[in-house]
Amino acid sequence: MAILPEVKKHYGRLKLFINGEWLDSESTEIKEDTNPATDEVIAEFPVATEAEARFAVEAAHRAFASWKELPMRERARMLFDMRAKFEEHFDRMTRILTQDHGRTIGESIGSVRRVIENIESACSALYGLVRRNEHLDQLANGIDEYLVWEPLGAFLIITPGNIPMHAWSSFVPYALAAGCTVVVSPSSQDPVAAQTICEVAQETGFPSGVINLVYGGRQINKYILSQPEIKGVGFIGSNRAGHELFALCGQLKKTSSINGNGKNYLVVMPDADLDSGVQWLLRACFGMSGQRCLGVDNVVIVGDIYDKVKSRFVEAAKGMKMGYGLDEDVDLGPLTTREGRDSVIDWIDKSLADGAKMVLDGRNKSPEQYPNGYFLGPTILEDVDVDMPTAKVEAFGPVAALIKAESLEQTIEWINTKTNLGHSACIMTQNGKNARKFIREVNVGNVGVNVGIPQPYAFFPLGSRRESFVGTAKSRMASMRLFMDEKTVTARWV
């Protein structure tokens, strides 16, 4: 397999994109963006000033007045054109995402494919608006009544460092389809990926101000959301930041879609197909170096198969090749930031102090060719009790905690009561009765049966429940309810 070339070694000083133009920021706060595999600086980017953020809000607000009036078929045509641009730049985008984020090239291919699927889904949602409109003639004598959906205005979209492109596509295409405009504020972890997706989208030729990009942070995000022209926020990130924004939305009476942390379970039943199941475990626990909201920390093994599952899982994890994700042979890339890696190591150390036992230690593991990268090898713990912090706090790294269970009923109770988070839960079984029970009884928003990651296709919303989600509407297809509101019309003409 080949080691793919980098698109660029260095991407220079990144710019803001406001009102249809790439602008140099006047900010004096400049940050560096590094390649997680090498720790080499690949770009510098500014933290936008309040004046620049205000300019972006004003541009989005002005553009909304004309964008919402653009005929539906014209908006659909532009979305189809945008899809074509993403296909055109597909290879370049995947390599930039790997270089900036750290994931493997295979994972980047999957992520950019998800972006395209979301654009397709937004087109479908746009035409679905026609089917949503309900019209009843002669509801009463001479009275007709009908329902229409109208776009709300300009929105703030905040994307996280772990899925910078995928998260963008979970909101932005749907906002544009609905007739709304956006100010996008990406994570500081991988701004080159954020700029790239904005560049490709804008090649479509959207009118000035429809899409805007500023690099900010928590304070700038709160400032933007506080502007009266901004009608709400789409957010994927941590509970801490998300719940702060949700509280602010309550004060400001604004709409929101807030997607936060998870603590997900994967349950292995005695009748599971372990030949496939071990590969599902690798993807669930170590895919994207564990930096995914639907990734798994807690692996619950039911019955007397614990030793068998453990030995096969450990052996498979030992065989994973670590390295720079542009190497097509690599199975596990670095974490996105040094701070993220250090946080996971601290989580592991605390777990051991609390009584967990190390089975496979990934600390201090680094490929010889990339000694400065933010690498952490696959790590597997055991003797984990469901009441330990290890089983309740998200690691957000390539870590698996093995937990023994006596029954499916016991496991379902743990999933529903031991944390206040509700992203996902998966079960491996060949028993339809057990699978059905699991699906119906677990209190999470995304359920998987014989899969490692229950990633919904773009035509479905990202479920998520309890404190993993707060807000008006879920992301992806369901976000049309974030960007639009109903209006009922009652008319008498007779």
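The values are calculated or read from the model by the stated rules, or taken from the named source; none is laboratory data. Since the model is a prediction, treat every value here as computed from it, not as a measurement. Positions of Cβ are backbone-derived with ideal geometry, glycine not excepted, and every protein chain shown enters the neighbour counts.
Scanning the stretch 185-201 for residues that are buried (at least 20 other Cβ atoms within 10 Å of the Cβ), of a type in the set (S, T, N, Q) and either over 15 Å from the mean Cα position of the chain (by Cα) or in a loop (DSSP other than H, G, I, E, B) (or both) turns up Ser187, Gln189, Gln195, Thr196.
Can you find even one residue in the stretch 30-49 that is in a helix (DSSP H, G or I) and modelled with pLDDT of 95 or more? Within the stretch 30-49, not a single residue is in a helix (DSSP H, G or I) and modelled with pLDDT of 95 or more.
Among the residues of this structure, Gln410 does not count as one that is within 26 Å of Gly319 (Cβ to Cβ) and surrounded by fewer than 23 Cβ atoms within 10 Å (Cβ to Cβ). Just so you know, in the stretch 339-384 the residues that are touching a strand residue (DSSP E or B) at 6+ places or on another chain (Cβ under 8 Å), touching a residue at least 24 places away in the same chain (Cβ under 8 Å) and of a type in the set (D, E, K, R) include one that is farthest from Gly325 (Cα to Cα), and it is Asp383. Apart from one condition, His61 fits all of (1) touching a residue at least 60 places away in the same chain (Cβ under 8 Å); (2) assigned to a helix (DSSP H, G or I); (3) in contact with a helix residue (DSSP H, G or I) (Cβ under 8 Å, 6 or more places away or on another chain); the exception is (3). Scanning for something farther than 30 Å from Lys433 by Cα, assigned to a strand (DSSP E or B) and touching a Cys at 6+ places or on another chain (Cβ under 8 Å), does the stretch 388-399 turn up at least one residue? Yes, the stretch 388-399 contains a residue that is farther than 30 Å from Lys433 by Cα, assigned to a strand (DSSP E or B) and touching a Cys at 6+ places or on another chain (Cβ under 8 Å). Here the stretch 443-483 is the region considered, the condition is being of a type in the set (Gly, Ala, Ser) and part of a loop (DSSP other than H, G, I, E, B), and the residue that is nearest to Asn261 (Cα to Cα) is Ser468.
Annotation for the stretch 232-248: no member residue is modelled with pLDDT under 95, polar (S, T, N, Q) and within 27 Å of Leu23 (Cβ to Cβ).
From the list Lys474, Lys487, the one residue that fits, being surrounded by 21 or more Cβ atoms within 10 Å (Cβ to Cβ), over 28 Å from Asp273 (Cα atoms) and not aliphatic (A, V, I, L, M), is Lys474.
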